[in-house]
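What follows is a short report on a single structure.
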């Protein structure tokens, strides 16, 4: 397999990505998916998400396996009924947790060629993930897009570690595809199967990134995610690595920028060919009083890579204590339509829980407006 991992380039500009048709609706592109990791976006309800125009969400199969458990989710009617959400649901496999938990703290588990074993430090309980088990779990959840288990690494990890990661990721993707096809073949009564995405690893090595993407493309999936931490040590987006992956994949396949969430990073990744994005950043920032606002002239003008099209409003700053203006003039979110910066400042200062909700609604609406503007061709 390694003989095919050669550096090659495709001298073409990615065309506008196609919308992603799922069994619960079509996602226009680009689309930002808030992270509803444990079947909920913190601070807001599923009804709130619909109100601000969110079209789909991203849950985490591994975390839902830990709590409330696969059987409880299935007994509750699946992820959509459980969380009261009728739109598309994508489910991450837990591959990122391989990196964020085990690779950062080996006491949390072990990565083997055929499985991953997680250990709960407080209880000693073990969770065993195999490619087949992860696909089965996502079928139990009722996800509209299933993601293969992958072996995630840091972009700065040693080359030998990156090679092993790619080998495992490709082998696990093949096993995931086989299990997916088996389960999809068992569906009856006109039930439509979900989509299936694979995740491309390879760190910052061009040949490994291209080779992993090419091997996954040979297996065949509906979409492909850019795996691993998408930022360099300097905090800049890994645009070269993002481009290598796109160039090595089928043009028509959906490309998912896993974990890409800063507004300017999203704007930079979209022209490369990525159409789906997810991140906890906008909701986490909202809970800490960091809010986004378009600068003058936007979103009327199309945001371009490198343009300073937005700014941060730190609502806890003292200057907002008596500011009667909305967070952003012209914003149509429920927060800006009704409340002033001074009021939101006050709610944060007194620790009222409604502050986090109102701030989260604003940030999510900012992202919805951003992707809607990027869909324009003018």
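Please give the number of the condition residue 311 fails out of (1) in a loop (DSSP other than H, G, I, E, B); (2) under 23 Å from the mean Cα position of the chain (by Cα); (3) over 30 Å from residue 91 (Cα atoms).
Only one criterion in (1) in a loop (DSSP other than H, G, I, E, B); (2) under 23 Å from the mean Cα position of the chain (by Cα); (3) over 30 Å from residue 91 (Cα atoms) is unmet by residue 311, namely (1).
Check the stretch 357-365 and report whether any residue there is over 25 Å from the mean Cα position of the chain (by Cα) and surrounded by fewer than 21 Cβ atoms within 10 Å (Cβ to Cβ).
No: zero hits.
Do you know which residues across the stretch 232-256 are surrounded by fewer than 18 Cβ atoms within 10 Å (Cβ to Cβ) and touching a residue at least 60 places away in the same chain (Cβ under 8 Å)?
If the condition is that a residue be surrounded by fewer than 18 Cβ atoms within 10 Å (Cβ to Cβ) and touching a residue at least 60 places away in the same chain (Cβ under 8 Å), then 232, 233, 251, 252 are the ones that fit.
Which of the residues belonging to the stretch 305-329 are surrounded by fewer than 17 Cβ atoms within 10 Å (Cβ to Cβ), farther than 19 Å from residue 354 by Cα and touching a strand residue (DSSP E or B) at 6+ places or on another chain (Cβ under 8 Å)?
Result: 311, 312.
If I ask for residues that are in contact (Cβ under 8 Å) with a residue 40 or more places away in the chain and in a loop (DSSP other than H, G, I, E, B), which ones from the stretch 274-297 would you list?
274, 275, 280, 289
Just need a number here: residues in the stretch 206-239 that are farther than 20 Å from residue 30 by Cα and modelled with pLDDT of 95 or more.
15
Out of all the residues in the stretch 184-194, is one or more modelled with pLDDT of 95 or more and surrounded by 24 or more Cβ atoms within 10 Å (Cβ to Cβ)?
For the stretch 184-194, residues modelled with pLDDT of 95 or more and surrounded by 24 or more Cβ atoms within 10 Å (Cβ to Cβ): present.
Please give the number of the condition residue 17 fails out of (1) modelled with pLDDT of 95 or more; (2) touching a strand residue (DSSP E or B) at 6+ places or on another chain (Cβ under 8 Å); (3) crowded, with 17+ Cβ neighbours inside 10 Å.
(1)
Condition test on residue 198, is it at pLDDT 95 or above, surrounded by 24 or more Cβ atoms within 10 Å (Cβ to Cβ), touching a strand residue (DSSP E or B) at 6+ places or on another chain (Cβ under 6 Å) and assigned to a helix (DSSP H, G or I)? Show your work before the answer.
On the way: at pLDDT 95 or above: yes; surrounded by 24 or more Cβ atoms within 10 Å (Cβ to Cβ): yes; touching a strand residue (DSSP E or B) at 6+ places or on another chain (Cβ under 6 Å): yes; assigned to a helix (DSSP H, G or I): no.
Against the criterion (at pLDDT 95 or above, surrounded by 24 or more Cβ atoms within 10 Å (Cβ to Cβ), touching a strand residue (DSSP E or B) at 6+ places or on another chain (Cβ under 6 Å) and assigned to a helix (DSSP H, G or I)), residue 198 does not qualify.
Looking at the stretch 158-173, is at least one residue part of a loop (DSSP other than H, G, I, E, B), assigned by TED's automatic domain parsing to the domain that holds residue 72, modelled with pLDDT under 95 and touching a helix residue (DSSP H, G or I) at 6+ places or on another chain (Cβ under 9 Å)?
no
Of the conditions (1) buried (at least 20 other Cβ atoms within 10 Å of the Cβ); (2) free of Cβ contacts under 8 Å to residues at least 60 places away in the same chain, residue 270 clears all except one; give me its number.
(2)
What's the number of the condition residue 346 fails, among (1) more than 23 Å from residue 41 (Cα to Cα); (2) in a loop (DSSP other than H, G, I, E, B)?
The number of the failed condition is (2).
Can you name the residue in the stretch 65-87 that is under 26 Å from residue 125 (Cα atoms) and in contact with a strand residue (DSSP E or B) (Cβ under 8 Å, 6 or more places away or on another chain) and is also modelled with the lowest pLDDT among such residues?
66
The values are calculated or read from the model by the stated rules, or taken from the named source; none is laboratory data. Keep in mind that this is a model prediction, so the values were computed, not measured. Please note: Cβ atoms are built from the backbone with ideal geometry, for glycine as well, and neighbour counts cover all protein chains shown.
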